[in-house]
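Here's the structure we're looking at; comments come further down.
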Amino acid sequence: MAEKDGKTEKASPKKLRDTRKKGEIPKSPDLTSAVTFIVFILAATFLGNYILKYSLLYLQNYLSAGLTVDGLENNLANIGMRSIIFIMVLAGPFLVIAFVAAFVSTIVQTGFLFSIEPIKFKLSKINPISGFKNMFSKKTVFTLFKNVAKLTLVFWMAYKTLETSVYLILNSSNVGTEKLFFLMSDLVMELATQLGVLLLILGLIDYIYQVYDYRKNLKMSKQELKDEYKEAEGDPQIKSQRRQRYRQLTKGGLHDVETATAIITNPTHLAIAIRYEKGKDEVPIIVAKGADHQAAKIRELAKALDIPIIENKPVARAMYKAVEIGQPVPMDLYQAIAEILALVYQTEEMNKYKI
């Protein structure tokens, strides 16, 4: 759909930032549920003895209460209170573990993001026409299909697991109560483990799809990119701030820093600004350099102009000593400078599409 609308370009960093501020980020509830389920199963495995011992202790206290407490009313109140405490103590660790697992899984997917936009009241959320359209949207149909497929796979896996164990279940009457308990426990854990792996795989697939769909829906047309750039560049306040900051930093004769492709530092005492424009410069040119206070001004100016700063002590020292401002980079440093420029171009390309 994005390609049909002429939206063939990847979303700009600004659009990605804006959508993130609104709380619109790719995430998979299925993956969060799968991770929580697996952690819950692991917790049950490690806390199995705790569950068994505490359950037996509760039964002993329950029976004792029933035999020693006089009066039906007091007896029921005592048993009820013990039951509440039993449930809280038994379920407490699992609830905490499940909450932590869900929280960590969400943070890994989305980062530390807090936005009130998704919970703000909007009339569009209660608009019956919009709601009716959403019922038959592509996303709703996909979610329905995904859930049906997931349930089908879960039931199929449960059926296959029980099918292989049906003989043991039918012959369980020949074993004692203790063996029967452990037999059923092993069966439940086997089924839970298989379901956990299945849900994790489905969750990962869903997360990959959510990221793909998110980026696809945020695609922009070439005209939208141009309009966004013009809007940012034409903002009077932004332009005024840039001019003021630039004037402050270039009082020391560092005007040419704005033409630099990268700043090489050592990292605090020296700073060398190099320029290389494809099609214009045959080789990289030194446009500014400085030591100590001057180096600090060059770095600050580079940050204000969003020029990449690369730390490379040997190259910074060699260039500061051997090359004057306006001169090209010496041949013996071509390889080192080429690697630095390659890193700069690679970083810029990655930052274009960073979420």
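The values are calculated or read from the model by the stated rules, or taken from the named source; none is laboratory data. All values derive from a computational prediction rather than experimental measurement. Because the Cβ atoms are built from the backbone with ideal geometry, glycine has one as well, and the counts that use them run over all protein chains shown.
Taking only the stretch 209-235 into account, find how many residues are at pLDDT 85 or above and outside any loop (DSSP other than H, G, I, E, B). Residues that pass the stated criteria total 9.
Of the listed requirements (1) in a helix (DSSP H, G or I); (2) modelled with pLDDT under 80; (3) more than 20 Å from Leu31 (Cβ to Cβ), Lys139 misses just one: (3). Kindly indicate the residue of the stretch 11-63 that is in a loop (DSSP other than H, G, I, E, B) and among the basic types (Lys, Arg) and also farthest from Lys226 (Cα to Cα) among those meeting that condition. Here the residue is Lys27. Taking every residue in the stretch 206-224 that is among the β-branched types (Val, Ile, Thr) and pairing it with any residue that is crowded, with 16+ Cβ neighbours inside 10 Å, at least 6 positions away or on another chain, the pairs with Cβ-Cβ distances below 7 Å are Val211/Pro26. Per this entry, Lys150 is counted among residues that are at pLDDT 80 or above, among the basic types (Lys, Arg) and surrounded by 13 or more Cβ atoms within 10 Å (Cβ to Cβ).
Can you find a residue that is more than 35 Å from the chain's Cα centre (by Cα), among the acidic types (Asp, Glu) and assigned to a loop (DSSP other than H, G, I, E, B) anywhere in the stretch 331-348? Quick ask: steps written out before the conclusion?
Step one: filter the stretch 331-348 for residues more than 35 Å from the chain's Cα centre (by Cα), giving 331-335.
With among the acidic types (Asp, Glu) added as a condition, the list becomes 332.
Cutting the leftovers down to assigned to a loop (DSSP other than H, G, I, E, B) gives us none.
Checked against the condition, which is being more than 35 Å from the chain's Cα centre (by Cα), among the acidic types (Asp, Glu) and assigned to a loop (DSSP other than H, G, I, E, B), the stretch 331-348 yields no hits at all.
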